[in-house]
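The values are calculated or read from the model by the stated rules, or taken from the named source; none is laboratory data. Because the structure is a prediction, the values reported are computed rather than measured. All Cβ positions, even for glycine, are placed from backbone atoms using ideal geometry, and neighbour counts span all protein chains on display.
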Amino acid sequence: MTVLDNIKIVVEPAVISELTENTLPLLHEIRHALIRLAESGESTILDLQAIPFGPGDEDRLLSFLGTGEVSATVNALGETKIFETQYPAVWLVEHKNPELSRVALQIEVTQVPTILMTQNADILDSIALIGETLEQSNAEF
Amino acid sequence: MSEPMDFLLWVRGPAFDVAALIFVIGVVVRFFEIFSLGRKANFSEPRGTEFGPGMKSVLTRSLPEPGMFKRQPLTILVGYVFHIGLLISLILFVPHIELFRETFGFGWPGLPNPLVDAAAVLSIVALLAALWHRISSPVMRILTTNEDWLVWALTFLPMLTGYIAYHRMIDPYPLALGLHILSIEALMIFFPFTKLMHAFTLFIARWYNGAMSGRRVVES
Amino acid sequence: MADTKTLGESLRLHGVSRRGFLKFCTATASMMALPPTMVPAIAAALEKAKRPSVIWLSFQECTGCTESLTRSHAPTVENLIFDHISLDYHHTLQVAAGDAAEAAREEAMHENEGEYLLVVDGSIPEGNAGYSTIAGISNLQMLEESAKGAAAIIAVGTCAAFGGLHKAEPNPTGAVAVSDIIKDKPIINVSGCPPIPVVITGVLAHFLTFGTIPELDEYGRPMVFYGQSIHDRCYRRPFYDKGLFAETFDDEGAKKGWCLYKLGCKGPMTYNACATAKWNQGASWPVESGHGCLGCSEPDFWDAGGFYNALSIPTSDVSKLVTVGVAAGVALGAATAGLNHKTKSNAAKNHGTVTVDDLEKTS
């Protein structure tokens, strides 16, 4: 260990202020997606795992996007974290598995991310469930 | 299953060896021929020096003569654009420099790719203009020999395939790169035995002209 | 063995909610490198997907491909997929050995005739069959036997896809790729040495999801993963275009992360998904860690010149070639010069002088 300790390690702080040629095009894409959303109501999902990021690019992009006023967590097959960035209608959705490693990272340009919306089948299940509960309580009284 | 790759390995291997050998041997033999024949001894008393004026001519003849430009603007313009574009693409493109470094043991800095790309495009356009001129001008058609068509094609193909390979317009890339290298091998094989040899002999010829005039102290 | 439950039913049995299923489909789309717009189609297909039987054959190989596969970095998704496929034969991973293992293979083949998926890693020796055998069966015979009833074949790794290391000069075992032997079945080549884990599972997921072969390139590789070159997707590409290159592995350029072309990076000729899928749970990939691409997903990459020679350099020793050429040229040139001199002196010798008398005679 003493030999290894002699190796000087310099940790260079990551510069996150400047955007690189790998992150800038993405911002243009987000801007175009916002225009589409405003004009036709069409939402867009960008899969960040399909983008060839260099070292630090993801941090640079995320720090540029910042955090906005909404955040949410979904617990299904592991944790999914959702928050609106400081640019309204630009959402960041990070899917993790139960072992806490990331399985998908997406930017959704939309009013509400799909994963937050209740699916119709779940609404029907919900009606049935409440109905059952009410029946049971009616029977009890 | 692996034809494009086999092709690339062939052009980078055996085919390159053959082409490079023919090129080097051919050029050396041509030089030997020229120099060994020598010139007749000049017994007149020299009135001036030879070396300086010779070098001056090498330089001055690289610049266009105003009168000539007025008569043949296209030929001169195309000639310059093509040659400068070719030289930039050939010796300032980084992958090419790496080949020179491997061959001669030293290299030099290259230009950013978009600049080389622009030079190559200008060069290709100039070559097409030269071809159009050869076909459309009756005088040029009479002057043109079969060798001229061959030399044009041998020069044009490396430029075109190089452009295609750089922009990856043919898939897969090994095929595009292989075609580019193959076209250069064709150029190398024919180089010593056609007028392409002027790339080496032109400066010698210019120097001779200048030197002869220098000896007599007349305008070259 | 393959059962009749669909993936949708199987997931619900595992207590996966609808949001969980949506998330699963999103991750699957991401893994298959399909656009997020495909998620509803994937969900619909996965809902109905049947559990396929998979037979995995390992021939002349180093087990690196299996090592890669078992280190896939999105456990949930892949676990769900692997819980869902029935891996009936894989002699490295299965518990059974010897006759029991071979019996499992034969049983899976008979029960799922025409429906099972055959995965092959490693090349097949066409020379002496004794170079590689399993339970006394030659690789060639086992492949031909197992391929007969397969729905499709996935050739995992450059050895199975293109012959790989064993096929490199001088190819002592006469190694060939799966596609050189089997001609009548759809073959998906998942090349790489080893292939990227999520690419292996992505291809399995595609087959499981849609029951079809993905769109393939001219080498039989799935376009979604092999459609673009390393060079085109490389985050260091802007440096290549600007003409900024690392000259050595420890110079200023290397520290600044400039392009590795001059250090022998084969990115321009290599088609793979490393730049986006990355390695070791998305931690990094060769170019990001400062080493050029070796071109491991391309045919014959072992013979494609030195790993540290720029792609534009010929495979032979150019300097030596030029020296030999110059020497030969000098010798030949000297001979030509001698000949020319002789011609010249002969011409001078035979040069007749013309006198006034001669002129008068002829006129």
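For the range B:161-178, filtered to residues that are closer than 18 Å to residue B:116 by Cβ and not in a helix (DSSP H, G or I), the residue that is farthest from the other protein chains (Cβ to nearest Cβ) is B:169. Looking at the structure I just gave you, is residue A:57 in contact with a helix residue (DSSP H, G or I) (Cβ under 8 Å, 6 or more places away or on another chain), within 13 Å of another protein chain (Cβ to nearest Cβ) and charged (D, E, K, R)? No, not satisfied. Of all residues in the range A:1-32, those that are surrounded by 14 or more Cβ atoms within 10 Å (Cβ to Cβ), modelled with pLDDT of 85 or more and farther than 18 Å from residue A:66 by Cα total 0. Taking the listed residues C:209, C:270, the one that is at pLDDT 90 or above and among the polar types (S, T, N, Q) is C:270, with no other qualifying.
Against the numbered list (1) within 12 Å of chain A (Cβ to nearest Cβ); (2) touching a residue at least 24 places away in the same chain (Cβ under 8 Å); (3) touching a strand residue (DSSP E or B) at 6+ places or on another chain (Cβ under 9 Å), residue C:237 comes up short only at (2). Among the residues making up the range A:37-57, those that are touching a residue at least 40 places away in the same chain (Cβ under 8 Å) and either among the aliphatic types (A, V, I, L, M) or in a helix (DSSP H, G or I) (or both) are A:37, A:45, A:46, A:48, A:49. Contact map, the range C:339-362: first residue closer than 19 Å to residue B:36 by Cβ, second residue not small (Gly, Ala, Ser), Cβ cut-off under 8 Å, separation 6 or more or different chains; pairs are C:340/B:33; C:340/B:37; C:341/B:37; C:344/B:37. Checked against the criteria, residue C:328 does not count as within 11 Å of chain B (Cβ to nearest Cβ), in a loop (DSSP other than H, G, I, E, B) and of a type in the set (Gly, Ala, Ser).
May I ask you to verify whether residue B:173 is out of contact with any strand residue (DSSP E or B) (no Cβ under 7 Å at 6 or more places or on another chain) and surrounded by 14 or more Cβ atoms within 10 Å (Cβ to Cβ)? Answer is no for this residue. None of B:48, B:85, B:26 is of a type in the set (Gly, Ala, Ser), in a loop (DSSP other than H, G, I, E, B) and in contact (Cβ under 8 Å) with a residue 40 or more places away in the chain except B:48.
Against the test of being touching a residue at least 40 places away in the same chain (Cβ under 8 Å), part of a helix (DSSP H, G or I), under 14 Å from the mean Cα position of the chain (by Cα) and surrounded by fewer than 17 Cβ atoms within 10 Å (Cβ to Cβ), the options B:200, B:190 yield a single qualifying residue, B:200. Of the strands (runs of 3 or more DSSP E) that lie entirely inside the range C:115-217, those containing 3 or more residues that are of a type in the set (A, V, I, L, M, F, W, C), within 16 Å of the chain's Cα centre (by Cα) and buried (at least 22 other Cβ atoms within 10 Å of the Cβ) span C:150-156, C:187-190. Filtering the range C:15-30 to residues that are more than 7 Å from every other protein chain (Cβ to nearest Cβ) and without any contact (Cβ under 8 Å) to a residue 40 or more places away in the chain leaves C:15, C:21, C:25, C:29.
Conditions (1) surrounded by 15 or more Cβ atoms within 10 Å (Cβ to Cβ); (2) modelled with pLDDT under 95; (3) within 14 Å of another protein chain (Cβ to nearest Cβ); (4) within 19 Å of the chain's Cα centre (by Cα), marked per residue:
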{"position": "B:67", "(1), (2), (3), (4)": "no, yes, no, no"}
{"position": "B:109", "(1), (2), (3), (4)": "no, yes, yes, no"}
{"position": "B:124", "(1), (2), (3), (4)": "yes, no, no, yes"}
{"position": "B:152", "(1), (2), (3), (4)": "yes, no, no, yes"}
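Contact annotation: residue pairs with Cβ atoms under 9 Å, 6 or more positions apart or on different chains, pairing a residue in the range A:60-84 that is hydroxyl-bearing (Ser, Thr, Tyr) with a partner that is assigned to a loop (DSSP other than H, G, I, E, B), are A:63/A:16; A:63/A:17; A:67/A:85; A:67/A:86. Quick one: is residue A:104 within 10 Å of chain C (Cβ to nearest Cβ) and surrounded by 19 or more Cβ atoms within 10 Å (Cβ to Cβ)? Yes, satisfied.
Being aromatic (Phe, Trp, Tyr) and at pLDDT below 90 is true for just one of B:43, B:93. Which residue is that? It would help to see each step written out before you state the result.
Details: B:93 fails: at pLDDT below 90.
Going through B:43, B:93 in turn, the sole match is B:43.
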